[in-house]
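The values are calculated or read from the model by the stated rules, or taken from the named source; none is laboratory data. Note that the coordinates shown come from a computational prediction; the quantities given were computed from them, not determined experimentally. All Cβ positions, even for glycine, are placed from backbone atoms using ideal geometry, and neighbour counts span all protein chains on display.
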C-alpha cells in the first residue's frame, strides 16, 4: 500500500470491514436457514444420532396416534409430528418413518390423550446440538407439544425399553359407590388373562392375552373438591382398548348394575377360580368413552434415557407474545382458557336448571355409565354374563387366517 493516500487507505479498510461483515452475515444467514430446515442438502452427508422425544397431545383433536394408510377424518399425531420433522429437515421425507427407525412406546386410539408419549428415531444433528424442543414446537399446533428429548443408544427402542406404562382415567363419582368400584379394581392386580377385557382383533393374531397389572387404584383428583376422581392403572403392557373395557366393567360394578364378582368371572378364563363362573368367551358390552383416558407416563431406566430440555428455551429473547417456542407460557395459556371454558359451561348448566324441573327417576330403569358424562338409560337391563358371547379366540384367529389373511398373502 505504499504510495496510497490517507483517504485511500481509510476507504480500503472500510471496504475490507464491509466484506468481513458481509461474510459474517452470510454465514449467520446460512446457519439460520439450516436451523429452520430451509437448506437443500443431501441427507446421506448429514450427521445423525438416535434420540427419544417426549411429548403430550390432546387426543380429542386427533384420529389416534399412529399414522394410517388411508385418509382419516382428523389428522393423526404421528402424521403431524412427522410433517414437522420433515419441515425442519430433521428426517428425510423421501425415506419416511422407516428411514429413521421410527418406534413408538404406546399406541393411543382416537380421542385418547397422552401426557408423556415417547418415540425413538434417528435424527439429523450437527456439531452444535439443535434445540429440538423449541425447533419443533415452533411449527407444531398447540395441541401437540414436545416436552424434552434424550440421546439414546443405537439399539434403544421406545417400545421395548419401556419398563412400565401408566394410564389414568378421570371420571365423576356421581351415582357411583366408590367402595364397590375399588373392590373391583383390586381384583386386577397381578397377572391375568385379559381376553374378556379388551377388543379382539383377529388380524393381530394374538394368542397370549396374559398381562401383569402392578397398580389399580382410585383416588380423588386434588383441587377438584371431590368433583373428579381418577383410576390409576400401571402395567408392563396393555391389549387393544384394555383400559376402556376395564373401566366399563368398573362403572357397571360401581353403579350397582353388576356385582363385584363380575370382574372375577371375566378374569376366570381357565376356570381356576371355582367360586365364580368360567368365562372363556367374551360377552358383549360397550367399552367406556375414550375422552377421559390419558397415557400418563412411559417409564424408562434413567441411565438409558437422560431427558434434557433446550437451554433457556423459556427465556427466549424474542419479544413476540405469540412466539410458540415459549413452552411453559403457552401451555399455561391453554390451561387458563380451559378453566374459563369449564366455568362458562358450569354457568350455562346452572342457568338451564332454573328453567327445568328434574323429574323423578324411573325405578325400573338402569343407568349404564360410559364415562365423559355419557349415560345410557335402559328400561331393560340384561346382566353381562347372560349376554351373547363372541366365539373363542382360536376360532376367530383361524377364520381370519383362512379368509382375509390368505387373501392378503396372495396380493
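Annotation note: of 226, 175, 184, the sole residue that is over 26 Å from residue 397 (Cα atoms), in a helix (DSSP H, G or I), assigned by TED's automatic domain parsing to the domain that holds residue 367 and over 23 Å from the mean Cα position of the chain (by Cα) is 184. Restricting attention to the range 365-390, the residues that are exposed (fewer than 13 other Cβ atoms within 10 Å of the Cβ) and not in a strand (DSSP E or B) add up to 8.
In the range 188-197, which residues are free of Cβ contacts under 8 Å to residues at least 60 places away in the same chain and not in a strand (DSSP E or B)? Answer for the range 188-197, where residues must be free of Cβ contacts under 8 Å to residues at least 60 places away in the same chain and not in a strand (DSSP E or B): just 189.
Among residues of the range 49-61 being over 15 Å from residue 78 (Cα atoms) and crowded, with 17+ Cβ neighbours inside 10 Å, the one that is nearest to the chain's Cα centre (by Cα) is 51. Taking the stated definitions as given, is residue 165 surrounded by fewer than 19 Cβ atoms within 10 Å (Cβ to Cβ), modelled with pLDDT of 95 or more and either under 25 Å from residue 117 (Cα atoms) or in contact with a helix residue (DSSP H, G or I) (Cβ under 6 Å, 6 or more places away or on another chain) (or both)? Criteria not met by residue 165. Please determine whether any residue of the range 117-129 is surrounded by fewer than 19 Cβ atoms within 10 Å (Cβ to Cβ), within 18 Å of residue 307 (Cβ to Cβ), at pLDDT below 95 and touching a strand residue (DSSP E or B) at 6+ places or on another chain (Cβ under 6 Å). Yes: the range 117-129 contains one or more residues that are surrounded by fewer than 19 Cβ atoms within 10 Å (Cβ to Cβ), within 18 Å of residue 307 (Cβ to Cβ), at pLDDT below 95 and touching a strand residue (DSSP E or B) at 6+ places or on another chain (Cβ under 6 Å).
Evaluate the following for residue 237: is it part of a loop (DSSP other than H, G, I, E, B) and in the same structural domain as residue 177 (by TED's automatic domain parsing)? For residue 237, the condition - part of a loop (DSSP other than H, G, I, E, B) and in the same structural domain as residue 177 (by TED's automatic domain parsing) - is met. Residues satisfying the criterion are present in the range 324-341 (criterion: assigned to a helix (DSSP H, G or I), touching a strand residue (DSSP E or B) at 6+ places or on another chain (Cβ under 9 Å) and at pLDDT below 90). Total residues in the range 86-116 satisfying the condition of being assigned to a helix (DSSP H, G or I) and either under 30 Å from residue 169 (Cβ atoms) or at pLDDT 95 or above (or both): the figure is 1.
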